[in-house]
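Trainee: Please see the structure below; I have some questions.
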Amino acid sequence: MKNPHILISLIFPTLFFFSCFVSLVLSFSPSYTDLQNQCLDDQRSTLLQLHRDLYYAPNFTFSTEVELWDLNTNCCSWKGITCDALGHVIGIDLSYKNLSGSFHSIFNLHHLQRLNLAGNNFNSTLFQYEFDKLPYLTHLNLSNSCFHGQIPVGISYLTRLVSLDLSNQDSCYLQNYQILDPNFWYDDFPYNRHQPLKLENPNFKSFILNLRPLTELYLDSVNISTQSTKWCEATSIALHNLHVLSLSNCGLTGPFCSSLSRLPFLSKLFLGGNSISYLPPNFLEISSRLVSLSLVNCNLSGHFPIEVFLLPKIQSIDISENDNLGGQLPEFPLNNALRILTMSYTNFSGKLPESIGNLKFLSNLNLNGCNFCGQIPSSIANLTNLVELDLFNNNFSGSIPAFHRSGVPNLAYLNLGGNYLSGSIYSSLFTLPSLQTLHLSGNQLFGEIDEFLNASSSLIEALDLGYNSFSSVKLDMFSKLKNLRFLGLSNTSLSIESNITSLAFPRLEWLDLNSCNLTEFPEFIKTQDKLVFLGLSNNQIHGFVPNWLWKTTLFWLDLSFNAIDFSKEFPFGDANSSFPMLRFLFLQFCNLSMFPEFLSQTSLEYLVLSNNKISGAVPNWVWKKSLRYLDLSNNSLSSLDQFSLNQSLTSSQGSLSRPICNLSQLVTFNASFNKLSGPIPSCLGNIRFLDTLDLQKNNFNGSIPDFAKATQLYWLQLNDNKLEGKLPRSLANCTMLQVLNLGNNTLHDTFPLWLGKLPALMILVLRANRLYGPIKHVKNCFQDLDALDIAFNNFSGQLPIEFFQAPQLRSLKIGGNKLEGKLPRSLAYCKKLEVLDVGKNMIQDTFPFWLEKLPSLKVLVLRANRFYGPAKTSEDENAFPELHILDLASNNFSGELSIGFFRSLKAMKTMTDGKKAKPDYIGDKYYQDSLTIVNKGFEIFYKKILTIFVCLDLSNNSFHGRIPEEIQNLKSLKALNFSYNSFLGPIPSALGNLTELESLDLSQNNLSGKIPPQLASLTFLEVLNLSYNQLEGSIPQSYQFGTFPNDSYKGNPRLCGPPLTKKCNEVGLGMQPPKEDEDSLVDGISIWKIVLIGYGCGLVIGLSIGYTVLNEMGNKWMDRFTWNRNKTWRRSSR
C-alpha cells in the first residue's frame, strides 16, 4: 500500500457511522435480555404441571397446597428457574422448600442441566423417575429429601454429570421422626432408615462406570456394602476427574486402596463411619493434594502419619472417634494452612507443641478425649481466628493460659474440663468479647473467683466450674452474667446469700448443684421459672420437697442421695394437674418407703427409684406407656402388680391386661435385687424396643418368656431366681444379644449349642442349673465370646479335643460337672484367656504345661480332678507370665517340686500395689469373674477376684521331698497351702520373706525340726496351720503367733511353749539344735531309736502280760488304721 494514511482516514469514519446505525436499530428493537429469558409455552406448561404435582409438607403427616411462583409472570423469572437464550429451562433449584409429591413432569424438560431438590420430604423411591430423559444434566442434587430404595440405573446414563449428590437421606428421616414424636430417641430409629438408599443392582462399580466426567460424588449413607471392598479400585479406574469423594456411612470395609493416588485432582475425601481399619502404605501420597480429609469413626489403629499435619494444602482434618489410633502432633511451621483440626476420642498423646501458635488460620481445634499431657501452650491464647477450642478430658496440667480480648477476639467455645489444671481463674476470662460457652469442670483449680469486671458486656450463656477445689464460690456473683442460661457448680463450697432472691438473677435453663453440701432446697429457685434441667443430688438435704421446686418447664430432675420425702398433696394443688415437660427423674438412695403419688400425673420416660426401702406391690399407675427406662432395683418389692380384692395373681399372669404390659416403648427395665415372685410377665418378650432386662436376685419361678419379638435385646440377666424348664429357642432370634446370664436357677436342658451362632454374644452364664449331657461340636461356635460359665451343672462325657478356639475368650469355667478325658489342647489357641476353672470334674491328664504360653492367664484351677504326675514346667522364663492364682489341690500329682516350677510363677514374684484408691478386679464392665478358693482354712466364694490376690494351693496330693528355698521368691503370695502331702525336712526359714502372706497351711505332712523364728515377722499372717507334722522345740513368741490357737500345732507332740500347755523344760530342750544340714539324719536316727526301744519293751512285757499288751496293740493298730482312712477320705472329698 503506497498511501496507508488515506486508507486509515476512510476506515475510521466508516466504523463510526456503522456503530451509530446499530445503536439506532437496537433502540427501536425489543431488549436482548428479554429475548433470552422469554419462556417457551411447552416449558411453561411443564412447570405448571410440576406446580400442581407438588405440595408443602413440613412432615410426613401434614400437607397443604404450595405457592412457589406467581403464575401470571414469565416462568423464566420464577425463583429457582433458569432458562437459556432460547427460553428452554436449564436449571431448577427447589431446595429446602419442605416439598413432597411427584416431580415426573421435570423429565419433559429435556434441556435441563441443573436439578436441585435437596432438603425436601418426598418420602418415596427414585425408581419411578426416568432420569435418562435428561441427557444434558450436569448437576443433580437430591440429598436429604427422604428418598429410599434402589438408586435407579437411569442416573448412571447421565454421561455429562459433573456433580452428583444423593447423600444424607437418613438425616431427613431422622428429622421427620423427631417432629412426629418429640420423645423420639435415636435408639428407636429404624435400622432400614440408617442407609435408606442402596446400590445393589446396579452395584457401585457398574453405576459409576459411565460417569467419567464426575468431579463431585456425594453418596453419604447410601448402602453400597455389597461391594464394600471393591469401591476403591472401581473409583480409581472410572472417575479420573474426581475432585470431591464423599462416601461416609456406606458400609465400606477394608483399607482404601493405594490406587487412590491415581486421582490427580482429588482435594476432598470424606470416608467417615466405615470400617476402613488401616491406612495404605502410600497414604501420604494420596493426601498430598488434599484440602479436606475426614476419617471419623473408621476403626483405624496404629500410628497416624505425622507428616499429614504438615501438608501444604491441607486445611481440614477430622480423624475423631478412632479409639486405637495414636500419634503425636508435630512442630508446626509458620503459615501452616490448617483451619480445622478434630482428633477427639483418639489415642493421641504427648505434649502440645508451643508452635501450635503458628496456626494463624486455625478456627476449630478439638482434642476431646485424647491423652495429651503437659501444659497448654501459652501461644494458643494468641490464635486470633480461633472460634472453638475443646481440650476436654485429657491430662493437661499447669495453669490456664492467659486468654485475653485481643488474643482470641473470636473465641466462642472454650472447654478445658476433665484435666489436671491448677491455679486460679482470672476474671478477665469471663469477659472475652465473643465467648459464649466456658467449661472448666473436673480440674484442680483453687482459690477464690474474683468479682467479674465489665460483666455486663459478657456473652457467656453456658458456664461450668464444678468439681474443682475452690475455697468458696458466691452464687450472687453470677447475677452479673445477664446472658447466663446454663450454670454448673457441682462439688463446690457454695455460698448462697440470703438476699439472692431479691437480685435480678439470670433466668437459668440448666442448673447443676450436685454435691454442694446443701442442707435445704435453695430458695432462689423459687424465681427460676424457665428451669429445664435441675441437679441437686448428693447433698445433705432432708425433709419434704417444697411445692415451689416443681416447675412446669422441668424436663430433668435429679434429687438422688438425699433423705427426702414427698407430700401427699399434689405440687400444683390439683390432683388433675400434671408435669407437662418432666421426662427424667432420678430418686435413687433417697430413703423412700413408698412410690411418690405425684408420679401418677407425669409422662416420664426415665425413672430411677433404685436403692430405696420401697416394699409391697408396684402401683398400677407406675406403668406408663411413655416409660423407656425404669430402674426399681435394690428395694423390697414383692409384686409387679397391685391387685384389687377380687383379683388373683394366677388369673392375671397370662393376660396381656397386666398393667406392666403397657410399656410398649420400654428400652431398659431393671428390677433386680428385690423379692419379686411368680412368673416373669410374658409380655416383656413382646416389647420390640427392649434392649436391657435385669431381673436377677428375685424369687421368680416358672419358665423363661418367649423373646421372639424382642429382637433389640442385648442384655438379659435372670440369674438367681427359681426359673425352670428349657431355654427358650426364641433367644436365637435376638441377634443383638451380648450378655445372657441365667445362672443359679433350675433350668433343665442340654448344652445350648444353638446360641453359638449369635454374632454379638460376649457373656454366657448358665452356672448352677440342671443342664445335662455331653458338650460337642463347639469348635466353630461362640467365636466372639468373652466369658463362658457353665459350672456346677450335670454335663458329662469326654471333652472334645477341639473344645474351644474362640480367639476372644477371656474366662472359661466348666467346673463342678462330670466331664472326663483330657484337657483340650485347643485351649492353647485362646490367647486372651485370663481365667480357666475346670475344678471338680473327672479329667484325667498330666499337668498342662502347654498353657504356659498364654500371655494373659491369671487364674488356673484344676482342683478335685484326676490329674497325675509331676507338676513340671519348661525352663522358659516367660512361662505363665501373669498367673497369680494356681489351684492344683485334691489331685494325684506326685514327685518333688522343682526349682523350675517356682521360677515359672513369674507374676507371683512381683510385689503388687494394694494401696490403690479403687480396687481392680479381674473382668470388665460386662462381667466380673467369681471364684471358689480354699483360703484361711475355709472354702470361700469370692464374688469378685482382686487382681492383687495371689494364691498357690498344692494341697491333698502326693508331692514329697523338701520344700525348695526358692519359694521365698514368690513375694506377692497371700495364701499358701501345701497340706496333706508328704513333704519332709524342715520348714524353710525363707518363708519369712513372704511378707504379704495372710494364710499358711503346711499341715498333714512329714515336716520336722523347729518352727523357723523368721515366721514371726509375717505381720499380715492371719491363719497358720502346722498340725500333724513332726515338729519340735519351742513355738516362736511374737504378737502374731500369740493370735494362733492350739489347733495350729496339734499332732506335733514335741512342740512346746505357749499357747500349748506343755512347757519346754519338760522335754529336755536344753540341747543345742542340730545344724540345718544335719536335721534329716538326726531325725531319722531318733525315729529308729524310738522304734527299736518300743519293740524291745513290747516283747518283754508281752511274755509276762501277753493278753493285755496284745489287746492294747490291737487298739493302737485300729487307731492308726482309722487315721489313715480319714486322711484318704479327706483327699477324695476335696
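The values are calculated or read from the model by the stated rules, or taken from the named source; none is laboratory data. Note that this is a predicted model, so its numbers are computed, not measured. Virtual Cβ from ideal backbone geometry, glycine too; neighbours counted across all protein chains shown.
Trainee: Name the residues in region 356-379 that are under 34 Å from the mean Cα position of the chain (by Cα) and polar (S, T, N, Q), would you? Break it down into steps so the answer makes sense when it comes.
Mentor: Start the filter on region 356-379 by keeping residues that are under 34 Å from the mean Cα position of the chain (by Cα), which leaves 356, 362-377.
Within region 356-379, SER363, ASN364, ASN366, ASN368, ASN371, GLN375 meet the criteria.
Trainee: Something else about it: For region 925-933, does any single residue satisfy the condition of being part of a loop (DSSP other than H, G, I, E, B), more than 30 Å from PHE792 (Cα to Cα), of a type in the set (Ser, Thr, Tyr) and touching a Phe, Trp or Tyr at 6+ places or on another chain (Cβ under 8 Å)? Steps first, answer last, please.
Mentor: Initial filter on region 925-933 (part of a loop (DSSP other than H, G, I, E, B)): 925-927, 929-930.
Next, only the ones that are more than 30 Å from PHE792 (Cα to Cα) stay: none.
Looking through region 925-933, none of the residues is part of a loop (DSSP other than H, G, I, E, B), more than 30 Å from PHE792 (Cα to Cα), of a type in the set (Ser, Thr, Tyr) and touching a Phe, Trp or Tyr at 6+ places or on another chain (Cβ under 8 Å).
Trainee: I need a count of the residues in region 62-89 that are surrounded by 19 or more Cβ atoms within 10 Å (Cβ to Cβ) and either in contact (Cβ under 8 Å) with a residue 60 or more places away in the chain or in contact with a strand residue (DSSP E or B) (Cβ under 7 Å, 6 or more places away or on another chain) (or both).
Mentor: Total satisfying the criteria: 6.
Trainee: Within region 1027-1059, count every residue that is in contact with a Phe, Trp or Tyr (Cβ under 8 Å, 6 or more places away or on another chain), at negative phi and not basic (Lys, Arg). So that I can check it myself, show each step before the final result.
Mentor: Filtering region 1027-1059 for residues in contact with a Phe, Trp or Tyr (Cβ under 8 Å, 6 or more places away or on another chain) gives 1027, 1031, 1035, 1050-1052, 1055, 1059.
If we keep only those that are at negative phi too, we end up with 1027, 1031, 1035, 1050, 1052, 1055, 1059.
Still in the list and also not basic (Lys, Arg): 1027, 1031, 1035, 1052, 1055, 1059.
Summing the residues that are in contact with a Phe, Trp or Tyr (Cβ under 8 Å, 6 or more places away or on another chain), at negative phi and not basic (Lys, Arg) in region 1027-1059 gives 6.
Trainee: State all residues of region 236-252 that are among the β-branched types (Val, Ile, Thr) and over 16 Å from LEU219 (Cβ atoms); if no residue qualifies, say none. Give the steps one after another, and end with the answer.
Mentor: To start, the set of residues in region 236-252 that are among the β-branched types (Val, Ile, Thr) comprises 237, 244.
Matches in region 236-252: ILE237 only.
Trainee: Sticking with this one: Pick out the one residue from LEU690, LEU727 that is in contact with a Leu (Cβ under 7 Å, 6 or more places away or on another chain) and closer than 21 Å to LEU766 by Cα.
Mentor: Values: LEU690 fails: closer than 21 Å to LEU766 by Cα.
Result: LEU727 is the single residue among LEU690, LEU727 that is in contact with a Leu (Cβ under 7 Å, 6 or more places away or on another chain) and closer than 21 Å to LEU766 by Cα.
Trainee: Exactly one of (1) buried (at least 18 other Cβ atoms within 10 Å of the Cβ); (2) out of contact with any Cys (no Cβ under 8 Å at 6 or more places or on another chain); (3) closer than 24 Å to ILE425 by Cα is unmet by ASN394. Its number?
Mentor: The one condition ASN394 does not meet is (2).
Trainee: Consider LEU365 carefully, then state whether it is at pLDDT 95 or above and part of a strand (DSSP E or B). So that I can check it myself, show each step before the final result.
Mentor: On the way: at pLDDT 95 or above: yes; part of a strand (DSSP E or B): yes.
The answer is yes for LEU365.
Trainee: Before we move on, is LEU531 under 23 Å from SER495 (Cα atoms) and either at pLDDT 90 or above or part of a loop (DSSP other than H, G, I, E, B) (or both)?
Mentor: Values: under 23 Å from SER495 (Cα atoms): yes; either at pLDDT 90 or above or part of a loop (DSSP other than H, G, I, E, B) (or both): yes.
Yes: the conditions hold for LEU531.
Trainee: Is at least one residue of region 793-806 closer than 29 Å to LEU713 by Cβ, touching a Gly at 6+ places or on another chain (Cβ under 9 Å) and touching a residue at least 60 places away in the same chain (Cβ under 8 Å)? Please lay out each step first, then the result.
Mentor: Taking region 793-806 first, the residues closer than 29 Å to LEU713 by Cβ are 793-795, 803-806.
Among the residues that remain, those that are also touching a Gly at 6+ places or on another chain (Cβ under 9 Å) are: 793-795.
Now restrict to residues that are touching a residue at least 60 places away in the same chain (Cβ under 8 Å): none.
So far as region 793-806 goes, no, none of its residues is closer than 29 Å to LEU713 by Cβ, touching a Gly at 6+ places or on another chain (Cβ under 9 Å) and touching a residue at least 60 places away in the same chain (Cβ under 8 Å).
Trainee: Sticking with this one: Which of the residues spanning region 951-974 are within 11 Å of MET908 (Cα to Cα) and free of Cβ contacts under 8 Å to residues at least 60 places away in the same chain? Steps first, please.
Mentor: At the first step, the residues of region 951-974 found to be within 11 Å of MET908 (Cα to Cα) are 951-952, 967-974.
Correct list: GLN968, LYS974.
The rows are residues; the columns are (1) under 18 Å from ASP220 (Cβ atoms); (2) surrounded by fewer than 18 Cβ atoms within 10 Å (Cβ to Cβ); (3) in the same structural domain as GLU605 (by TED's automatic domain parsing); (4) at pLDDT 95 or above.
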residue: PHE127; (1), (2), (3), (4): no, yes, no, no
residue: ASP132; (1), (2), (3), (4): no, yes, no, no
residue: ASN141; (1), (2), (3), (4): yes, no, no, yes
residue: ASP165; (1), (2), (3), (4): yes, no, no, yes
residue: ASN168; (1), (2), (3), (4): yes, no, no, no
residue: LEU180; (1), (2), (3), (4): no, yes, no, no
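Trainee: Right, here's the next one. If we scan region 654-674, do we find a residue that is modelled with pLDDT of 95 or more and basic (Lys, Arg)?
Mentor: No.
Trainee: Considering only residues that are charged (D, E, K, R) and not in a loop (DSSP other than H, G, I, E, B), which ones fall in region 852-866? Even if it seems obvious, please write down each step before you answer.
Mentor: In the first step, residues of region 852-866 are kept if they are charged (D, E, K, R); the result is 852-853, 858, 863, 866.
Those that are charged (D, E, K, R) and not in a loop (DSSP other than H, G, I, E, B): none in region 852-866.
Trainee: Here's a follow-up. Looking only at residues in region 330-355 that are closer than 20 Å to ASN385 by Cα, surrounded by 14 or more Cβ atoms within 10 Å (Cβ to Cβ) and of a type in the set (A, V, I, L, M, F, W, C), which one is nearest to the chain's Cα centre (by Cα)? Break it down stepwise before answering.
Mentor: Filtering region 330-355 down to residues closer than 20 Å to ASN385 by Cα leaves 331-343, 352-355.
Then keep just the ones that are surrounded by 14 or more Cβ atoms within 10 Å (Cβ to Cβ); that gives 332, 336-343, 352-355.
This time we only want the ones that are of a type in the set (A, V, I, L, M, F, W, C), so: 332, 337-338, 340-341, 343, 352.
Details: PHE332: 35, ALA337: 36, LEU338: 32, ILE340: 28, LEU341: 25, MET343: 19, LEU352: 28 Å.
Per the stated criteria, the residue is MET343.
Trainee: Kindly indicate whether any position in region 436-452 is modelled with pLDDT of 85 or more, among the hydroxyl-bearing types (Ser, Thr, Tyr) and under 30 Å from LYS351 (Cβ atoms). Give the derivation first.
Mentor: Within region 436-452, the subset modelled with pLDDT of 85 or more is 436-447.
Keeping just the survivors that are among the hydroxyl-bearing types (Ser, Thr, Tyr) gives 437, 441.
Subsequent filtering for residues that are under 30 Å from LYS351 (Cβ atoms) retains 437, 441.
There is at least one residue in region 436-452 that is modelled with pLDDT of 85 or more, among the hydroxyl-bearing types (Ser, Thr, Tyr) and under 30 Å from LYS351 (Cβ atoms).
Trainee: Evaluate region 874-885: report whether one residue or more is closer than 20 Å to GLU939 by Cβ, in a loop (DSSP other than H, G, I, E, B) and under 40 Å from the mean Cα position of the chain (by Cα).
Mentor: Let us first name the residues in region 874-885 that are closer than 20 Å to GLU939 by Cβ, namely 884-885.
So of that shortlist, the ones also in a loop (DSSP other than H, G, I, E, B) come out as 884.
Next, from what is left, pick out any that are under 40 Å from the mean Cα position of the chain (by Cα): 884.
There is at least one residue in region 874-885 that is closer than 20 Å to GLU939 by Cβ, in a loop (DSSP other than H, G, I, E, B) and under 40 Å from the mean Cα position of the chain (by Cα).
Trainee: With the requirement that a residue be surrounded by 18 or more Cβ atoms within 10 Å (Cβ to Cβ), assigned to a helix (DSSP H, G or I) and not hydrophobic (A, V, I, L, M, F, W, C), what does region 246-279 give you?
Mentor: Passing the criteria: only SER261.
Trainee: Filter region 934-966 down to residues that are more than 15 Å from SER999 (Cα to Cα), outside any loop (DSSP other than H, G, I, E, B), among the hydrophobic types (A, V, I, L, M, F, W, C) and modelled with pLDDT of 80 or more, then give me how many there are.
Mentor: 2
Trainee: Against the definition (assigned to a loop (DSSP other than H, G, I, E, B) and of a type outside the set (D, E, K, R)), how does ILE660 come out, yes or no?
Mentor: Working: assigned to a loop (DSSP other than H, G, I, E, B): no; of a type outside the set (D, E, K, R): yes.
So ILE660 does not fit the description; no.
Trainee: In region 86-109, how many residues are part of a loop (DSSP other than H, G, I, E, B) and either touching a His at 6+ places or on another chain (Cβ under 8 Å) or basic (Lys, Arg) (or both)? Working first, answer last.
Mentor: Filtering region 86-109 for residues part of a loop (DSSP other than H, G, I, E, B) gives 86-88, 94-98, 102-103, 109.
Still in the list and also either touching a His at 6+ places or on another chain (Cβ under 8 Å) or basic (Lys, Arg) (or both): 88, 97, 109.
Residues that pass the stated criteria total 3.
Trainee: Moving to a separate point now. Have a look at SER406, SER434, SER471, SER441 and point out the one that is under 19 Å from LEU513 (Cβ atoms) and part of a loop (DSSP other than H, G, I, E, B).
Mentor: Just one listed residue meets the conditions, SER441.
Trainee: Would you check which residues across region 767-786 are more than 27 Å from the chain's Cα centre (by Cα) and charged (D, E, K, R) and list them?
Mentor: Of all residues in region 767-786, those more than 27 Å from the chain's Cα centre (by Cα) come to 768-779.
ARG770, LYS776, LYS779 - these are the residues of region 767-786 that are more than 27 Å from the chain's Cα centre (by Cα) and charged (D, E, K, R).
Trainee: Restricting attention to region 338-357, does a residue exist that is in contact with a Leu (Cβ under 9 Å, 6 or more places away or on another chain) and more than 30 Å from SER301 (Cβ to Cβ)?
Mentor: Yes: one or more hits.
Trainee: Show me the strands (runs of 3 or more DSSP E) entirely contained within region 667-786 in which 3 or more residues are free of Cβ contacts under 8 Å to residues at least 60 places away in the same chain.
Mentor: Working: elements: 668-670, 677-679, 692-694, 699-702, 715-717, 722-725, 739-741, 763-765.
Hits in region 667-786: 677-679, 699-702, 715-717, 722-725.
Trainee: Name the single residue, out of those in region 569-613 being outside any loop (DSSP other than H, G, I, E, B), of a type in the set (Ser, Thr, Tyr) and more than 12 Å from TRP550 (Cβ to Cβ), that is modelled with the highest pLDDT.
Mentor: Filtering region 569-613 down to residues outside any loop (DSSP other than H, G, I, E, B) leaves 579, 584-586, 597-602, 606-608.
Going one step further and asking which of them are of a type in the set (Ser, Thr, Tyr), we end up with 600, 602, 606.
Of the ones still in play, those that are also more than 12 Å from TRP550 (Cβ to Cβ) are 600, 606.
Numbers: SER600: 86, TYR606: 95.
Result: TYR606.
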